[in-house]
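Heads up: the structure comes next, in C-alpha coordinates.
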Amino acid sequence: MKGALSDDQRRHRIDILRALSHCANNIIADMEGKMKFWMVVREGQSSTNQKHTEYIVAEAEATRLAEKEKARFYILEAIEYVEPQPMPVIKVKL
(Lines give C-alpha, C1' and ligand atoms only; values in the text may rest on other atoms or scores of the structure.)
Protein backbone atom coordinates (compact mmCIF):
# COMPACT_ATOMS: atom_id res chain seq x y z
CA MET A 1 0.00 0.00 0.00
CA LYS A 2 1.48 3.29 -1.11
CA GLY A 3 2.09 5.83 1.65
CA ALA A 4 1.83 3.33 4.51
CA LEU A 5 4.50 3.64 7.20
CA SER A 6 6.64 0.74 8.34
CA ASP A 7 6.91 -0.04 12.05
CA ASP A 8 10.39 1.52 12.12
CA GLN A 9 9.11 4.71 10.49
CA ARG A 10 6.23 4.89 12.99
CA ARG A 11 8.60 4.43 15.94
CA HIS A 12 10.94 7.07 14.52
CA ARG A 13 8.07 9.56 14.18
CA ILE A 14 6.91 8.80 17.73
CA ASP A 15 10.47 9.42 18.99
CA ILE A 16 10.55 12.75 17.15
CA LEU A 17 7.19 13.77 18.62
CA ARG A 18 8.38 12.84 22.12
CA ALA A 19 11.54 14.90 21.66
CA LEU A 20 9.50 17.86 20.40
CA SER A 21 7.18 17.51 23.38
CA HIS A 22 10.15 17.54 25.77
CA CYS A 23 11.52 20.62 24.00
CA ALA A 24 8.18 22.42 24.25
CA ASN A 25 7.87 21.55 27.96
CA ASN A 26 11.41 22.80 28.59
CA ILE A 27 10.76 26.06 26.76
CA ILE A 28 7.66 26.66 28.88
CA ALA A 29 9.52 25.69 32.07
CA ASP A 30 12.46 27.91 31.15
CA MET A 31 10.11 30.84 30.60
CA GLU A 32 8.87 30.23 34.14
CA GLY A 33 12.45 30.01 35.43
CA LYS A 34 12.16 26.29 36.19
CA MET A 35 14.30 24.52 33.62
CA LYS A 36 14.13 20.75 34.04
CA PHE A 37 17.24 18.70 33.27
CA TRP A 38 18.72 15.23 33.49
CA MET A 39 22.24 14.04 34.29
CA VAL A 40 23.98 10.74 33.59
CA VAL A 41 26.10 9.24 36.37
CA ARG A 42 28.19 6.09 36.35
CA GLU A 43 27.51 3.69 39.22
CA GLY A 44 30.09 4.24 41.95
CA GLN A 45 30.82 7.84 40.97
CA SER A 46 29.43 10.78 42.88
CA SER A 47 29.33 13.59 40.35
CA THR A 48 28.89 14.64 36.75
CA ASN A 49 29.15 17.93 34.89
CA GLN A 50 26.88 17.52 31.89
CA LYS A 51 23.24 18.68 32.10
CA HIS A 52 20.83 17.43 29.43
CA THR A 53 17.74 19.55 28.82
CA GLU A 54 15.98 16.65 27.09
CA TYR A 55 15.43 13.19 28.58
CA ILE A 56 15.85 11.50 25.22
CA VAL A 57 19.37 12.96 24.91
CA ALA A 58 20.31 11.82 28.44
CA GLU A 59 18.97 8.35 27.64
CA ALA A 60 21.05 8.16 24.45
CA GLU A 61 24.15 9.30 26.35
CA ALA A 62 23.60 6.74 29.12
CA THR A 63 23.18 3.99 26.52
CA ARG A 64 26.31 5.10 24.64
CA LEU A 65 28.41 5.19 27.81
CA ALA A 66 27.08 1.86 29.12
CA GLU A 67 27.99 0.14 25.86
CA LYS A 68 31.38 1.85 25.62
CA GLU A 69 32.46 1.37 29.23
CA LYS A 70 30.58 -1.87 30.00
CA ALA A 71 29.24 -0.34 33.20
CA ARG A 72 25.90 0.72 34.69
CA PHE A 73 24.84 4.34 34.28
CA TYR A 74 21.92 6.11 35.94
CA ILE A 75 19.80 8.89 34.50
CA LEU A 76 19.02 11.38 37.26
CA GLU A 77 16.19 13.88 36.94
CA ALA A 78 16.25 17.21 38.75
CA ILE A 79 12.90 17.54 40.52
CA GLU A 80 13.44 20.74 42.48
CA TYR A 81 16.09 23.18 43.55
CA VAL A 82 16.86 25.10 46.70
CA GLU A 83 18.60 28.44 46.68
CA PRO A 84 19.62 30.79 49.47
CA GLN A 85 17.71 33.98 50.02
CA PRO A 86 19.63 37.24 50.26
CA MET A 87 20.53 38.11 53.82
CA PRO A 88 19.10 41.42 54.97
CA VAL A 89 21.62 43.98 56.14
CA ILE A 90 21.04 44.84 59.78
CA LYS A 91 22.44 48.02 61.22
CA VAL A 92 23.12 47.83 64.97
CA LYS A 93 24.20 50.88 66.95
CA LEU A 94 26.69 50.21 69.71
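The values are calculated or read from the model by the stated rules, or taken from the named source; none is laboratory data. Keep in mind the model is a prediction, meaning the values are calculated, not measured. Backbone-built Cβ (ideal geometry, glycine too); neighbour counts: all protein chains shown.
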Taking the range 62-78 and keeping only residues that are over 17 Å from residue 49 (Cα atoms) and in a loop (DSSP other than H, G, I, E, B), one is left with 70, 71, 72
Consider only pairs whose beta carbons are under 8 Å apart and that are at least six residues apart or on different chains; among these, list those whose first residue lies in the range 46-62 and is assigned by TED's automatic domain parsing to the domain that holds residue 76 and closer than 20 Å to residue 21 by Cβ and whose second residue is at pLDDT 90 or above and part of a helix (DSSP H, G or I). 52/58; 52/61
If you take the residues of the range 55-94 that are surrounded by 10 or more Cβ atoms within 10 Å (Cβ to Cβ) and among the aromatic types (Phe, Trp, Tyr), which of them is nearest to residue 42 (Cα to Cα)? 73
